[in-house]
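Enquirer: A single structure is presented below for examination.
The values are calculated or read from the model by the stated rules, or taken from the named source; none is laboratory data. Note that the coordinates shown come from a computational prediction; the quantities given were computed from them, not determined experimentally. Cβ sites come from the backbone with ideal geometry, for glycine too, and all protein chains shown count toward neighbours.
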Amino acid sequence: MTIPPQPPQAPEHRARPAGWVSTGLSWRDGRAVLGAARGAQVHERAVAPGVEVGWLLGGPRRCVGAWLAGATERTPCPHHAVIDPGGGATQCPACQSVDRGLALARDQILDDGRTYLLYLAWFGEGLLKVGLTAEQRGDSRLLEQGALAYAFTARGALPAVRRAELTVAASGLARERYKSRIKTEQWWSHGDVPYRRTVLGDARARAHRLLDGHAVELLADRPMVDHVERYGLAGGAPEAYREIAGLADGAVLAGRLRAPVGRHLFLDQTDGSGPLLLDTRLLTGWTLSPVTGRGSEGLVLQERLRPPEPDTQEALF
């Protein structure tokens, strides 16, 4: 399969960018890595708490290519296409049209011969998600989504697991997706481990009743897995932080990393101004150059504060 041609673009859009282009953050074998590419070369760096980073961003922001069917590595965008500097998309339309992961999410792949797992993931009070992932990926998809806790629920071929997913979603027990902002707002307060396990256990039992008669293997004995401590959120998110809402050519992103939360990174600032929160999808497509001795600058920031606790005292009158 090849990436289809795009309409003709201006010469500067076709020029190959210099330096390393960020391909974002991913999880493999329980480990978070930041990736970057330069042509066919790929570089990955483990993300761990306490690591100091400093990057100068160079533009324009470019498409990072696509994962083609049967490929073991990402195929670079042959058009070197420029993408929206502030958008959530990290691929041009041509690469989106052939990306295997997007095709799967859009139900454009009916079956691929692999075994899939149905999962229930908990992102906070009232935020239960149902989804599927290839068994060979383990829990990488759950980690990338920032699931605070999850339980594998059923197993089978793609068509059967997809039908099971739709059945659970249609029942109202869980939804198929949540926006990133809704998830991050739950980081301040998420109960304790026994509570999360109880919620997931009850939900899985209900899902199994819904799936009675489906052509899937029901997984009643798989453990409830909790990621809150791994994400560094046992005490909740910072009381106050600034979320990065936009990046630009010439911006500097620097700081000391905290534990990654899904595809998000908290960076403590050396000037004591409080941590920044980066959705690494915004970083994807920018050319990165290492810098030292400089603070973060050129960023669009939004203040985030822990909401006040609800007033549960009964009114006197």
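Enquirer: Just give me the residues in the stretch 244-290 being of a type in the set (S, T, Y) and free of Cβ contacts under 8 Å to residues at least 60 places away in the same chain, in sequence order.
Expert: Selection gives T270, S273.
Enquirer: (1) under 24 Å from the mean Cα position of the chain (by Cα); (2) in contact (Cβ under 8 Å) with a residue 12 or more places away in the chain: which one isn't true of E229, the others all being true?
Expert: (2)
Enquirer: Continuing with this model, one more query. Which pairs turn up if I take residues in the stretch 86-110 that are part of a helix (DSSP H, G or I) and look for partners that are among the aromatic types (F, W, Y) with beta carbon separation below 7 Å, at least 6 apart in sequence or on another chain?
Expert: That search, which allows pairs on different chains as well, returns R100/W67; G101/W67.
Enquirer: Next question, about the same structure. Could you please find all residues in the stretch 21-64 being within 24 Å of Q96 (Cβ to Cβ), assigned to a loop (DSSP other than H, G, I, E, B) and in contact (Cβ under 8 Å) with a residue 40 or more places away in the chain?
Expert: Within the stretch 21-64, G59, P60, R61, C63, V64 meet the criteria.
Enquirer: Within the stretch 104-125, does at least one residue satisfy the condition of being touching a Phe, Trp or Tyr at 6+ places or on another chain (Cβ under 8 Å) and charged (D, E, K, R)?
Expert: No - not one qualifying residue is present in the stretch 104-125.
Enquirer: Might you check whether a residue that is over 20 Å from H227 (Cα atoms) and modelled with pLDDT of 95 or more occurs anywhere in the stretch 123-138?
Expert: no
Enquirer: Of the residues P85, P76, P5, P17, which is exposed (fewer than 14 other Cβ atoms within 10 Å of the Cβ) and either on the phi < 0 side of the Ramachandran plot or at pLDDT 85 or above (or both)?
Expert: So the residue among P85, P76, P5, P17 that is exposed (fewer than 14 other Cβ atoms within 10 Å of the Cβ) and either on the phi < 0 side of the Ramachandran plot or at pLDDT 85 or above (or both) is P5.
Enquirer: Can you name the condition, by its number, that S22 falls short on among (1) of a type in the set (S, T, N, Q); (2) surrounded by fewer than 20 Cβ atoms within 10 Å (Cβ to Cβ); (3) under 20 Å from the mean Cα position of the chain (by Cα)?
Expert: Among (1) of a type in the set (S, T, N, Q); (2) surrounded by fewer than 20 Cβ atoms within 10 Å (Cβ to Cβ); (3) under 20 Å from the mean Cα position of the chain (by Cα), S22 violates only (2).
Enquirer: For the condition modelled with pLDDT under 95, surrounded by 12 or more Cβ atoms within 10 Å (Cβ to Cβ) and β-branched (V, I, T), what is the one hit in T287, T270, T312?
Expert: Checking each option against the conditions leaves just T270.
Enquirer: Can you name the residue in the stretch 180-234 that is of a type in the set (K, R) and over 30 Å from I244 (Cα atoms) and is also surrounded by the most Cβ atoms within 10 Å (Cβ to Cβ) among such residues?
Expert: R204
Enquirer: Do we find that R137 is surrounded by 13 or more Cβ atoms within 10 Å (Cβ to Cβ) and either touching an Asp or Glu at 6+ places or on another chain (Cβ under 6 Å) or farther than 21 Å from R177 by Cβ (or both) in this structure?
Expert: no
Enquirer: What single numbered condition from (1) modelled with pLDDT of 95 or more; (2) within 21 Å of the chain's Cα centre (by Cα) fails to hold for A105?
Expert: If we test A105 against (1) modelled with pLDDT of 95 or more; (2) within 21 Å of the chain's Cα centre (by Cα), just (1) comes out false.
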